[in-house]
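Student: The structure follows.
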Amino acid sequence: TMTVSALLALSTNYLAFHEPRPSLYGLSQLAYGYEGCDSEGLDRVMGEAFLAMRRDLLAYACNFGKGYIETSPQVTFLAPIILRLALRSKFIHLIRHPAEVVRSGMSRRWFSGHKADSTRIYPRKDTPERANWEEYGAFEKNVWLWAETNRWIYRFMQTVSKEDKLTVRAEELFSGDEKTIESLYGFIGSSIPPWNKMQRILRSRLNVQRDNTFPHATEWPQELRASLVKIAGETAAVFGYDCRHIGSSFRT
């Protein structure tokens with residue numbers, strides 16, 4: 001998301017921010033947990049909380065006559081609330097191969113004592129995943145996190161008009177695929193910046209993880225591959241990823 005923010009910041013029509021403060025992770029987690037509750041009042045509270053934490057940045061962009069872009073997983077589960085606030089919002093779903101996301105999460109010790117574990121989503125009550133949660137290891141929990149997050153996003157995107165949503169595969173964006181980049185800038189109604197500036201950002205590999213301590217998926221034992229297919233395979237296939245055959249094309 002830092003790379004996406006840097007690319008979109010090249011547009012003269014927008015101000016782009018990556019994970020601005022204050023953090024919305026806790027609020028996003030609450031929004032996921034309370035989804036489905038029939039409470040108009042709760043929606044209003046969530047909406048006001050979001051605006052309270054972003055009002056200054058929104059006003060700052062407005063004062064310059066520019067649109068506001070925020071790239072961060074922390075707003076994921078707030079998307080329906082943002083949509084209902086009628087802020088003329090557009091939504092970009094940036095998705096990455098589950099094996100690479102899980103590898104990153106394992107290397108960062110997600111669900112293994114990471115300081116942000118308390119703000120991650122967890123399976124809802126009365127779901128099979130909740131019943132088995134204590135039996136899951138960190139690997140299975142990371143796979144579930146990828147699968148549930150992207151299942152949730154997919155369902156949400158069905159509620160958004162065609163012109164206001166875009167799904168981008170990270171592998172295509174980071175490789176500098178011209179059609180992907182053109183669709184990204186076309187989606188926000190901006191002209192394409194000079195290619196040399198974009199290439200400089202893409203070559204920088206912003207926020208890339210330098211200390212991947214967890215093996216690449218091509219080196220995983222069969223039981224880990226089987227868990228990936230079982231938990232995330234169906235969702236991955238929706239986005240064109242085949243978890244049954246993990247090749248070197250996803251090596252970082």
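Student: Put +1 on the Cβ of each Lys and Arg and -1 on the Cβ of each Asp and Glu in the chain; which of Leu7, Gly36, Ala79 then has its Cα farthest toward the positive end of the dipole?
Tutor: Of Leu7, Gly36, Ala79, it is Leu7.
Student: Continuing with the same structure: Grab the DSSP H runs of the chain that are 4 residues or longer, score each as -39,500 (n - 2.57), total them, divide by all residues and round the 222 nm result to the nearest 500 deg cm²/dmol.
Tutor: Value at 222 nm, helices only, nearest 500: -15000 deg cm²/dmol.
Student: Right, something else. Let me check I've understood the local charge: for Ala226, count other residues with C-beta under 12 angstrom from its C-beta, Lys and Arg +1, Asp and Glu -1. What total comes out?
Tutor: Here the count lands on +1.
Student: Can you compute the radius of gyration and Dmax for segment 70-199, using only the Cα atoms, both in Å?
Tutor: Looking at segment 70-199, its Cα Rg and Dmax stand at 17.0, 52 Å.
Student: In addition: If the reach is capped at under 22 angstrom between alpha carbons, list the lysines near Lys179, excluding any in the same chain fewer than eight residues apart.
Tutor: The qualifying lysines are Lys90, Lys162, Lys165, Lys197.
Student: Quick one: accessible area per residue over the chain, 1.4 Å probe, rounded to a whole number of Å²?
Tutor: It amounts to 55 Å² per residue over the chain.
Student: Using the basic label-point model (7 angstrom from Cα toward the beta carbon), what is the Ala131 to Glu172 distance in nanometres?
Tutor: My value for the distance between the label points is 3.9 nm.
Student: Could you check the simple spin-label distance between Ser118 and Ala59, using points 7 Å along Cα→Cβ, in nm with one decimal?
Tutor: Once both label points are built, they end up 3.0 nm from each other.
Student: Gaussian network model of the chain, Cα springs within a sub-10 Å range: biggest mean-square fluctuation belongs to which of Gly33, Gly113, Gly47?
Tutor: Comparing Gly33, Gly113, Gly47 in a Gaussian network model of the chain, the most mobile one is Gly113.
Student: When the Kirkwood radius is taken over all Cα pairs of the chain, what Stokes-Einstein diffusion coefficient follows at 20 °C and 1.002 mPa s, in µm²/s?
Tutor: Diffusion coefficient, whole number: 110 µm²/s.
Student: Pull up all non-local amide H partners of Leu87: gap of 5 or more, or a different chain, and H-to-H distance under 5 Å with H placed in the peptide plane.
Tutor: none
Student: Keeping the other protein chains in place, figure out the carbon and sulfur percent of the accessible area of segment 1-150, with a 1.4 Å probe.
Tutor: In segment 1-150, the share of accessible area belonging to carbon and sulfur is 52 percent.
The values are calculated or read from the model by the stated rules, or taken from the named source; none is laboratory data. Here the structure is a predicted model, which is why all the values come from computation and not from measurement. No Cβ is skipped: glycine too gets one built from the backbone with ideal geometry, and neighbour counts run over all protein chains shown. We work out accessible area using only protein heavy atoms, side chains counted, and drop any ligands, DNA or RNA first. Shrake-Rupley method; radii C 1.70, N 1.55, O 1.52, S 1.80 Å.
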